[in-house]
Each structure stands twice: as C-alpha cells, then as structure tokens.
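Since the structure comes first, as structure tokens, the remarks are kept for the end.
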Amino acid sequence: MLKIFVLIPILLSLLWLGYLKANHYSVSQGKQGFMYILVLSAVIALFYTLMLFLTH
C-alpha cells in the first residue's frame with residue numbers, strides 16, 4: 001500500500017513536468033501545479049489511512 005502512496009505523486013509530477021516541457025513552460029512557472037499535486041496526494045494518502053484504521 002505504501003508503494004501506491006509514493007508512486008502517485010511521482011507519476012503525477014512526471015506527467016506535469018512532461019506537460020510543462022511540451023508547452024515550453026519552465027519548472028518555476030509550473031511550481032503551483034507541483035504544489036497541487038503534493039496536496040492532492042497527501043489528501044488521498046490521509047483518506048486511505050483513515051479508512052484503513054476505521055475498517056480494520
């Protein structure tokens with residue numbers, strides 16, 4: 001289960017980086033997108049952790 005929590009932000013970040021490079025944006029211009037990815041991934045991880053404790 002921990003692998004998924006690590007892979008989600010890595011894959012999303014790589015996709016975002018690919019989008020930035022394909023559209024000729026710099027990484028600094030896409031910094032807010034990386035923050036959104038980290039926040040979304042943290043929310044997903046917290047949700048699954050909470051569900052694990054509630055249903056275990």
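Observations on the structure shown:
- Test: Thr49 is surrounded by fewer than 11 Cβ atoms within 10 Å (Cβ to Cβ) and among the hydroxyl-bearing types (Ser, Thr, Tyr): no
- Here Phe47, Phe53, Phe34, Phe5 are screened, and the one residue that is in contact (Cβ under 8 Å) with a residue 24 or more places away in the chain and part of a helix (DSSP H, G or I) is Phe5.
- Check on Tyr25, of a type outside the set (Asp, Glu) and outside any helix (DSSP H, G or I): yes
- Annotation note: Cβ proximity below 8 Å between a residue of region 12-31 that is touching a residue at least 24 places away in the same chain (Cβ under 8 Å) and within 22 Å of Ala42 (Cα to Cα) and a residue that is aliphatic (A, V, I, L, M) and surrounded by 11 or more Cβ atoms within 10 Å (Cβ to Cβ) (sequence gap 6+ or interchain) occurs for Leu12/Ile37; Leu12/Leu40; Ser13/Ile37.
- Only one entry of Val27, Val39 meets the criterion of being modelled with pLDDT of 95 or more and not charged (D, E, K, R), and that entry is Val39.
The values are calculated or read from the model by the stated rules, or taken from the named source; none is laboratory data. What you see is a predicted model; the values in this text were computed from it and never measured. Heads up, the Cβs are rebuilt from the backbone with ideal geometry, glycines too, and the neighbour counts pull from every protein chain shown.
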